[in-house]
Every structure is written in C-alpha cells, then in structure tokens.
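Undergrad: Please read through the structure below; I'll follow up with questions.
Bear in mind these aren't lab numbers, they're just calculated from the coordinates by the rules spelled out. This is a predicted model, so every value here is computed, not measured. Note that we place each Cβ from the backbone using ideal geometry, even for glycine, and neighbour counts take in every protein chain shown.
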Amino acid sequence: MLVKQYYSETGHKIHVSRQQASDFAKNIADDFNPIHDVDAKRFCVPGDLLFGILLAKYGLSCKMAFIFSGMVTDEVSLRVPAVDADHISIVSDAGKEYLNINRSGDTSLNQALISRFTRSYIEFSGHTFPHILVPLMVEHGVMINPDRPLVMYQGMSFELDRLDLLNPKLELVGSHLEIIKKRGNVTLEFCLKESGEVVGRGRKMMVLSGLRPYEQDKINQLIDTYALRKKSHLD
C-alpha cells in the first residue's frame, strides 16, 4: 500500500502525525506547501494523503466524490467505519465531520490497482503550484498572500469507464478560477488515460484565500521561496 507508513491505525480510527504528514507531502506528493511542515502554526494533513488512505480502505469505485469540510490536524483522530455504503461520512471522536465520500458503480479492492491510481493522482495533484495556479492568477490579476500563502484542498471527483486499468495517467484538460471577494475557487479538470485511451474524467477543487492585486515581483519571490524549500529538502 502506497500510504501505509504515513498513518497509524487503532481499531477503526486513523491518525496522522505531523512528521508522517510532512514526509508524505515532501517525499511522495512533491508538495512543499508550508502548512504541511512539522513546525507549521497552521498545520494541516495533506488532502491527498487522506484520499489515498480512504481509497485503500474502501476501494476504488467507478464513480467517486471526496468533499472536505474541515482541515485535519495532528490532534484529530478520524473514525473510519467498516461499512459498505454509497455514502460514507468521516468524523472525529468528537463527532465533527471532516470528509464525505459518495460512490457508485463497480468497486475494486485490488490494492495494486489502488496504489497505481493513487500515485498517478498524487503526481498530477502535487504539481499544482506554481505550474497551474500561477498562470490562473496572472490571467485574473490576483494572487495569494505571499507572506502567508494558503491553498486548501476542497475536494475531488472522478468517473471511470472501467476498472481493469494497469497504468492510469491523469492529464490536465482545463483550469478555472472563480473569484468571490478575497476568496478564489479553483477547479482543475482532468482526464484519465490508459495506453493513450481516455478511460475517465474528473476534477479537483481548491480554495485560495487572502486574494489581493497581482504583483509579479511578489509572485517571483514566492516561486523562488518554494523552489528553495524543495531544494533544501532534496539536499
């Protein structure tokens, strides 16, 4: 299982430590968002990690939607009920809901397939900044707060034509930014291909907070800082 070492499990509860979350973000997802740092004041478990864990637990269905309703921190243990249902609600011990899963169609519990699918999605998802988000910000003349950049994972959904996939790959087919005051709703549309054939389609949703007028020098500095964070980790 691709994500096995990045969480702990007791009964029907899962927990992700700061170190596990940070290691996954940097070593697997190629994601250097500072909110995943071990010492981050506003720490958050990567949404892609939670996606991978739950996909491994519940299987890969032809049609699935994952919607986040809260930021999971290292202080939260999530209940992962052993159910076989079309709708699954993931809550904390306190009963707070953090994630909703909706699914339909055939389901595969093949862990090799699930790991390949998860890795392909993570590779696609981890290159959102700066490759996709910066061109969107340029187009709309806005940018995130360079001093406190915050990009949050809101959810994703996909629909597969079949489940007999050996090497699925995700490709971006469209990106959109909707601005509501200082908030930006980003939608990334993608297709899934198997040996060049389109076998599915989906979308990823994110939220940009603290939007302000675009400044190229500030964005350049933000990109440079991000690149230095990555280089420092690799070194």
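Undergrad: Rounded to whole Å and ordered largest first, report the semi-axes of the equivalent ellipsoid of the chain derived from its Cα gyration tensor (root of 5λ). Walk me through the numbers before you get to the answer.
TA: Working: eigenvalues 158, 93, 58 Å².
Gyration-tensor ellipsoid for the chain: 28, 22, 17 Å.
Undergrad: Which of the helices in the chain, when you take each full DSSP H run, stretch at least 18 Å along the axis at their Cα atoms and have an average Kyte-Doolittle score of -1.0 or higher? Please report the intermediate quantities before stating the final value.
TA: Numbers: long enough: 111-125 (20 Å, -0.01); 216-234 (27 Å, -0.92).
Result, helices passing both filters: 111-125, 216-234.
Undergrad: Tell me, what is the FRET efficiency for ARG42 and LYS13 to the nearest 0.05, using R0 = 22 angstrom and their Cβ-Cβ distance as r? The partial results should precede the final answer.
TA: Values: r = 24 Å, r/R0 = 1.08.
Working from the Cβ atoms, E equals 0.40.
Undergrad: Between region 167-235 and region 1-55, what is the C-alpha centre distance in whole Å?
TA: Spelled out, the Cα-based centre of one part sits 19 Å from the other.
Undergrad: Sticking with this one: So what is the relative contact order for the chain, in percent, with contacts set as C-alpha pairs under 8 Å and at least six apart? Don't jump to the answer; show the numbers that get you there.
TA: Working: 431 pairs, mean separation 42.8, N = 235.
Relative CO of the chain lands at 18 percent.
Undergrad: Also: If the only charges are +1 at each Lys and Arg Cβ and -1 at each Asp and Glu Cβ, what is the size of the charge dipole of the chain around the Cα centre, to the nearest 20 debye?
TA: On the way: 28 positive and 29 negative charges, 75 e Å.
About 360 debye.
Undergrad: Additional query: Any lysines with Cα under 25 Å of the LYS181 Cα? List them, leaving off those in the same chain fewer than 8 positions away.
TA: LYS204, LYS218
Undergrad: Of LYS13/LYS96; LYS63/LYS193; LYS26/LYS231; LYS4/LYS231; LYS63/LYS169; LYS57/LYS230, which ones are farther than 20 Å apart at the Cα? Could you put the intermediate results ahead of the total?
TA: Numbers: LYS13/LYS96 14 Å; LYS63/LYS193 16 Å; LYS26/LYS231 11 Å; LYS4/LYS231 26 Å; LYS63/LYS169 17 Å; LYS57/LYS230 31 Å.
From LYS13/LYS96; LYS63/LYS193; LYS26/LYS231; LYS4/LYS231; LYS63/LYS169; LYS57/LYS230, over 20 Å: LYS4/LYS231; LYS57/LYS230.
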